1. Quick one: how many residues across region 155-191 are among the hydroxyl-bearing types (Ser, Thr, Tyr) and closer than 18 Å to Val44 by Cα?
2. Quick one: how many residues across region 89-106 are surrounded by 12 or more Cβ atoms within 10 Å (Cβ to Cβ) and either more than 19 Å from Glu129 (Cα to Cα) or of a type in the set (S, T, N, Q) (or both)?
3. Tell me, please, whether a residue that is within 24 Å of Thr325 (Cα to Cα) and of a type in the set (S, T, N, Q) can be found in region 182-194.
4. Please specify each residue of region 273-298 satisfying the condition of being touching a residue at least 60 places away in the same chain (Cβ under 8 Å) and either under 21 Å from Gly243 (Cα atoms) or touching a Pro at 6+ places or on another chain (Cβ under 6 Å) (or both).
5. Inspect region 235-248 for any residue being farther than 20 Å from Gln197 by Cα and either in a loop (DSSP other than H, G, I, E, B) or in contact with a strand residue (DSSP E or B) (Cβ under 9 Å, 6 or more places away or on another chain) (or both) and give the result as yes or no.
6. When you scan region 76-88, do you find a residue that is among the hydrophobic types (A, V, I, L, M, F, W, C), modelled with pLDDT under 95 and either part of a strand (DSSP E or B) or buried (at least 18 other Cβ atoms within 10 Å of the Cβ) (or both), even just one?
7. Please give the number of the condition Phe73 fails out of (1) over 20 Å from the mean Cα position of the chain (by Cα); (2) surrounded by 15 or more Cβ atoms within 10 Å (Cβ to Cβ); (3) at pLDDT 95 or above.
8. Here is a list of conditions, (1) basic (Lys, Arg); (2) surrounded by 15 or more Cβ atoms within 10 Å (Cβ to Cβ); (3) closer than 23 Å to Lys172 by Cα, and Arg282 meets all of them except one; can you say which number that is?
Amino acid sequence: MPFVRNILHYNSLSIVGLEKNTGKTVCLNYILRRLNDMGAHVGVTSIGVDGEQVDSVFATAKPEIVLYEGTHFITSEQHYLKRQLVSCLEAVDSRRTALGPLVTARVLIRGKALLSGAATTGILRTQIEQLDSMGVDISIVDGALSRLSLASPTVTDAMILATGAAVSANVKQLVSKTKFLHNLILLDEVDPSLREQLNTIQSGLWAVDDEGHPHDLGIASVFLIDRAEKDILRFGKTLFASGAVSDRLLRVLAAKEKGITLIARDFTKLFITPEAYNEFTRRDGRLLVLQRSKLIAVTLNPTSPQGFLLDSKTTCNILSDALQTPVYDVMKIEQ
């Protein structure tokens, strides 16, 4: 798959899925194998738990993660003790998790391992910095339970989006759900000078005037917008939500006035449905982000955990046409 060479242009990569069982681990194994063949020094961890033999929800067999000589990996102490490889222990984090402290090690003889990493994006950023200090060419973070937060451009430099029959066995619905998230990932960015000002804001809903100056609206959370005592559009029709953006916020803004521009930090802060987004845009609303995530590739797992199988070639073609980007069947790359 041609996207693998592009991965080495970045310091960190996340693999995220719309749902469980969309082929993230298969994709990870393929990337690790290819990067090993290319002689790259790789670091790998997970947010959540990945590499287990049996799916905890569907009780179906799952691919295990294969790590190669020289790879640095971070996992919990409990899962490190279960590794099926030879490794050299390099660091133990003093912060504890439910599965014990996080362990950093280097593979001496290839084998299989369970990865259970940081529970928060803050710790994950620290781990990526740690791996970078160990000289890795690329740090790869495997997602779990459709956690999109690790795909934030404030956490990883680039991302791969995994979709498939687990999202929907109906091709039309699968395309619709995948395209919606794909469009959010590719939302336009604000001007760099405005991004620099807004990046320092940590909480609340803010207005941006015509000269590009931010103004605190005194609304600590977007969920309190209905209680605003003053007109939130008194500085103009551009707003910045420093935290999560919900359907409620979009609908309140759509009801107020046409042509409102709402700025979010990045796509991982958008907890919105297509219905609310369409209602907002029908009123000439515009959604922007401070920073766009770099999408490297979209992959497809045509098999659902219930055993339903989509036609791979047809579905990839339909998705590619809808997204205007190549879509790769991750199950075929392992054959």
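The values are calculated or read from the model by the stated rules, or taken from the named source; none is laboratory data. If you're wondering where the values come from, they're calculated on a predicted model, not measured in any experiment. Positions of Cβ are backbone-derived with ideal geometry, glycine not excepted, and every protein chain shown enters the neighbour counts.
1. Looking only at that region, the number is 1.
2. 4
3. Scanning region 182-194 turns up at least one residue that is within 24 Å of Thr325 (Cα to Cα) and of a type in the set (S, T, N, Q).
4. Pro274, Tyr277, Leu287, Leu288, Val289, Leu290, Gln291, Arg292, Ser293, Lys294
5. Yes.
6. No, region 76-88 has no match at all.
7. (1)
8. (2)
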